[in-house]
Amino acid sequence: MVMTSRTWGLSAHEAVKPPAPDPSWPKNRERYHDLRVYERRGWSHDEVIDEWRSFTPRQLKILEAGQEAP
């Protein structure tokens, strides 16, 4: 997968606040990401960066918590 700024923000966003499942979404992960990135296609660069800045710190906390021994 080619990581674009839209993909980075999306990945952070979905790790923190996953969307409700939608049966009409593609089952193939690549096509799913294409769909979700397309939803952001009209966003300005600033909007994409704002999403990334909002959700990435929380995504990192989730990833760090997963590294702790049970």
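Return yes or no: is R58 touching a residue at least 24 places away in the same chain (Cβ under 8 Å) and part of a helix (DSSP H, G or I)?
So R58 fits the description; yes.
Pick out the one residue from K17, K61 that is open to solvent by 60 Å² or more (accessible area, probe 1.4 Å) and at pLDDT 85 or above.
Checking each option against the conditions leaves just K61.
Among the residues of the stretch 41-70, write down those that are closer than 9 Å to V16 by Cβ and among the aliphatic types (A, V, I, L, M).
Scanning the stretch 41-70 gives a single hit, I62.
Give the residues of the stretch 18-55 that are of a type in the set (K, R) and part of a helix (DSSP H, G or I), sorted by residue number.
Within the stretch 18-55, R29, R31, R36, R53 qualify.
Are any residues in the stretch 20-37 more than 22 Å from L63 (Cβ to Cβ), hydrophobic (A, V, I, L, M, F, W, C) and surrounded by 11 or more Cβ atoms within 10 Å (Cβ to Cβ), and if so, which ones?
W25, L35
The values are calculated or read from the model by the stated rules, or taken from the named source; none is laboratory data. Since the model is a prediction, treat every value here as computed from it, not as a measurement. Please note: Cβ atoms are built from the backbone with ideal geometry, for glycine as well, and neighbour counts cover all protein chains shown. These area figures cover heavy atoms from the full protein model, side chains too; ligands, DNA and RNA do not enter into them. Shrake-Rupley method; radii C 1.70, N 1.55, O 1.52, S 1.80 Å.
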